[in-house]
1. What does the extension gain come out to for residue 84 and residue 99, with contour length at 0.36 nm per residue minus their alpha carbon separation?
2. Please identify the helices of the chain, taking whole runs of DSSP H, that span at least 20 Å along their own axis as judged from the Cα atoms and have a mean Kyte-Doolittle score of 0.5 or higher.
3. Wrap a convex hull around the Cα atoms of the chain, take a quarter of its surface area, and give that in square nanometres.
4. Using a basic spin-label model with each label point 7 Å from the Cα along Cα→Cβ, how many nm lie between residue 30 and residue 11?
5. Give me the percent relative contact order of the chain, please, defined on Cα pairs under 8 angstrom at least 6 residues apart.
6. Cross-link list 76/111; 76/108; 62/116; 70/119; 62/119; 62/111: which exceed 20 angstrom alpha carbon to alpha carbon?
7. Using only alpha carbon pairs under 8 Å that are at least six residues apart, calculate the relative contact order of the range 1-71 and give it in whole percent.
8. Binning every alpha carbon pair distance of the range 50-120 at 10 Å from zero, what are the percents per bin?
Amino acid sequence: MKNNKMLTMLIIVLVAIILIGVIAFVLLTQFNKPAASLEPTIDEVVESLVDVPEITTNLADKRVVRMTLKIQTTSKDAAAELTKRQFQTNNIIIEELSEMTLDSLEGKQGKQMFQKALKTQLNELMQEGEIQQVYITSFITT
């Protein structure tokens, strides 16, 4: 009789441990799932892009750079505002480039520095949304 009670208790304890383990596993896997993707779809990105026409200007070292850009905003409204601010965008780009040398624009790091500076300055202008990313779509120096 005593062995039977002991066996029953052992089975109950094992079932309880297994049950707790299964519940813990389910909870951990459910809560560690990534949230619904916060990244915009490509269609949303395209809707929020603004094309900057080709700009040709002198650098600080008297070299010439020609580039085109695409600027990604947070929304259609922000893209519409940035389109209206095209003259200000061009001015900021030319001013920024006129302070840089070809050496400072060379390589990935130089271009990323330019993109970051441009993004920061444009965000200071924006009232509807903000700039998320600046893409260099062509880049030629002479």
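Rule-based calculations on the coordinates, nothing more; no lab input. These figures come from a predicted structure and were not determined experimentally. Backbone-built Cβ (ideal geometry, glycine too); neighbour counts: all protein chains shown.
1. 2.9 nm
2. 2-31
3. Value for the chain: 13.9 nm².
4. Output for this residue pair reads 2.9 nm.
5. Relative CO of the chain lands at 27 percent.
6. 76/111; 76/108; 62/116; 62/119
7. It comes to 19 percent, rounded to a whole number.
8. Going out from 0 Å in 10 Å bins, the range 50-120 shows 19, 53, 24, 4 percent.
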